[in-house]
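Quick notes on the structure that follows.
The values are calculated or read from the model by the stated rules, or taken from the named source; none is laboratory data. What you are looking at is a predicted structure, and each value in this text was computed from that prediction instead of being measured. Neighbour counts are summed over all protein chains in view; Cβ atoms, including those assigned to glycine, are modelled from backbone coordinates with ideal geometry. Accessible surface is based on the protein model in full, side chains and every heavy atom, while ligands, DNA and RNA are left aside. Shrake-Rupley method; radii C 1.70, N 1.55, O 1.52, S 1.80 Å.
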Amino acid sequence: MPDSTPSDSSSPPPPLDPRGTSAPPPPPGYLPFGPPPKQKGLFSKVGASLLVSLIVLSLLLNVYLAMIVYRITAGNEAVYQEGTTAERIVVVPVVGAIDDDMSRYVRGALRRLEQNPPAAIVLRVESGGGGVTASDQIWHQLGTFRAAHPDVPIVASFGGIAASGGYYIAAGTDHIVCEPTGFTGSIGVIAQVPTLAGTMRMLGIDWVTQVAEGSPLKDEANNMFRHWDDDDRKVLAYLIDSAYDRFVHVVTSGRSQLDDTNIADVANGAIYTAADAMDNGLVDGLGYLADAIDEAASRASLPADQTPRVTVVKQPGEGLLALITGRRDANTDTPHRLGPGGLDGLTPQRLRSFLQDFTQVELAYRWVGS
């Protein structure tokens, strides 16, 4: 039977099941993920682009500078000794005859060092000398570098032979170290001139030389195809004496131990042992290349407890071993080749030039034993 009990209208209604309901609509303007980011202004965009450009430019500049440093130090210099010091010592070798090629090499080496000056320079000399002009040019180039960089000491290191022009180029350095078995000195001038009059007569060749009427002395000491007389020898003696006076001036101006009172006893053309050169003031100490490097490091005030980094300026066509030992690359052209390919390139013009060069009077700061 049906329940006739009346319901209580005042009782609360049962709770609603939330699973069957939906969320109320959001209020106007509501955004579920927050407000949108503000758009950057024109100045912000330009600033960001400029910053990125500066970073890229800085990277490119660093790469460019690194390439320059590599070209200066690694491209033209070979590492002789790895070191821990920030600065380097550079060895400039003068190995073999001192001629125009050697002068150009030293000039080029010093110009490159101008771009990245080292802490010190060691002039490694293994030479019996050479031409008067070439020797004087190298001496002048070193002096010019010293004047521009007075804080860069230059120490000379003599090997087995550093005589005549080999000594000339080092006379103005700050310190000279000679190997104990080395020879040096030979301060003097020599000129060896071939006269071909007898040879021409044997070959049946009459070499005719004519000079202008206004220059009758043009033929004196300037004609190798006739017998020389006293006038020829006087002219040559005057040239030699002038070159000798220049040599003496270079030595006395660079060596405080020698002056006008005692230079005559040393600058007489004699060759000296290392010990003799030490006694007469031509060198400052006995030692090897390593000792010269140590002296250079000390004069450059490099840290005594650190090993200096040492590089060697390379010569075209020659390796590091050749620069130190004096052995030349067989593939390197020599200054007196008659032409490309040796005799294969010989032409009448080259032969004529060769004969003229061969018979030309050449003054030399050269030890005759070299």
Query raised in the report: Pick from Leu59, Leu65: which is modelled with pLDDT of 70 or more and in a helix (DSSP H, G or I)?
Result: Leu59
Query raised in the report: Out of region 259-315, which residues are under 29 Å from Leu113 (Cβ atoms), without any contact (Cβ under 8 Å) to a residue 60 or more places away in the chain and not small (Gly, Ala, Ser)?
Result: Asp294, Asp305
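When you go through Asp265, Asp259, Asp276 one by one, which is the residue that is out of contact with any Leu (no Cβ under 6 Å at 6 or more places or on another chain), surrounded by 13 or more Cβ atoms within 10 Å (Cβ to Cβ) and modelled with pLDDT of 50 or more? I'd like the intermediate steps shown before the answer.
Working: Asp265 fails: surrounded by 13 or more Cβ atoms within 10 Å (Cβ to Cβ); Asp259 fails: surrounded by 13 or more Cβ atoms within 10 Å (Cβ to Cβ).
Testing whether each residue is out of contact with any Leu (no Cβ under 6 Å at 6 or more places or on another chain), surrounded by 13 or more Cβ atoms within 10 Å (Cβ to Cβ) and modelled with pLDDT of 50 or more leaves just Asp276.
Among what's in region 229-238 and is closer than 13 Å to Gln192 by Cα and of a type in the set (A, V, I, L, M, F, W, C), pick the residue that is surrounded by the most Cβ atoms within 10 Å (Cβ to Cβ). Explain how you work it out, then say what you get.
Here is the first cut: in region 229-238, the residues closer than 13 Å to Gln192 by Cα are 233, 236-237.
Of the ones still in play, those that are also of a type in the set (A, V, I, L, M, F, W, C) are 236-237.
Numbers: Leu236: 18, Ala237: 12.
Across region 229-238, the extreme among qualifying residues is Leu236.
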Query raised in the report: Which one of these does Ser253 not meet: (1) of a type in the set (Gly, Ala, Ser); (2) surrounded by fewer than 18 Cβ atoms within 10 Å (Cβ to Cβ); (3) more than 21 Å from Leu142 (Cβ to Cβ)?
Result: (3)
Report summary line: Flagged in region 101-134 as among the hydroxyl-bearing types (Ser, Thr, Tyr) and more than 27 Å from Ala270 (Cβ to Cβ), in numbering order, are Tyr105
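Yes or no, residue by residue, for (1) closer than 20 Å to Val248 by Cα; (2) open to solvent by 30 Å² or more (accessible area, probe 1.4 Å); (3) part of a loop (DSSP other than H, G, I, E, B); (4) without any contact (Cβ under 8 Å) to a residue 12 or more places away in the chain:
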site	(1), (2), (3), (4)
Ser157	no, no, no, no
Ala162	yes, no, no, no
Ala171	yes, no, yes, no
Thr181	no, yes, yes, no
Thr184	yes, no, no, no
Pro194	no, yes, yes, no
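Suppose we filter Gln141, Gln137 for residues that are open to solvent by 10 Å² or more (accessible area, probe 1.4 Å) and either touching a Leu at 6+ places or on another chain (Cβ under 8 Å) or farther than 18 Å from Val251 by Cα (or both); which single one remains? Break it down stepwise before answering.
Values: Gln137 fails: either touching a Leu at 6+ places or on another chain (Cβ under 8 Å) or farther than 18 Å from Val251 by Cα (or both).
Every option except Gln141 fails the conditions.
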Query raised in the report: Counting residues that are of a type in the set (Gly, Ala, Ser) and over 15 Å from Ile161 (Cα atoms), which helices (runs of 4 or more DSSP H) fully inside region 259-303 reach at least 3?
Result: 289-299
Query raised in the report: Only one of (1) closer than 29 Å to Ile240 by Cα; (2) in contact with a His (Cβ under 9 Å, 6 or more places away or on another chain) fails for Val155. Which number is that?
Result: (1)
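Take Gly130 and decide whether it is at pLDDT below 95, open to solvent by less than 40 Å² (accessible area, probe 1.4 Å) and assigned to a strand (DSSP E or B). Don't jump to the end; show me each part of the working.
Details: at pLDDT below 95: yes; open to solvent by less than 40 Å² (accessible area, probe 1.4 Å): yes; assigned to a strand (DSSP E or B): yes.
Considered against the rule, which asks whether it is at pLDDT below 95, open to solvent by less than 40 Å² (accessible area, probe 1.4 Å) and assigned to a strand (DSSP E or B), Gly130 comes out as yes.
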Report task. May I ask you to list the residues in region 241-258 that are assigned to a loop (DSSP other than H, G, I, E, B) and not hydrophobic (A, V, I, L, M, F, W, C)? Result -> Arg255, Ser256, Gln257
Report task. Check whether at least one residue in region 205-212 is closer than 25 Å to Tyr365 by Cβ, of a type outside the set (Lys, Arg) and either in contact with a strand residue (DSSP E or B) (Cβ under 7 Å, 6 or more places away or on another chain) or in a loop (DSSP other than H, G, I, E, B) (or both), and report yes or no. Result -> no
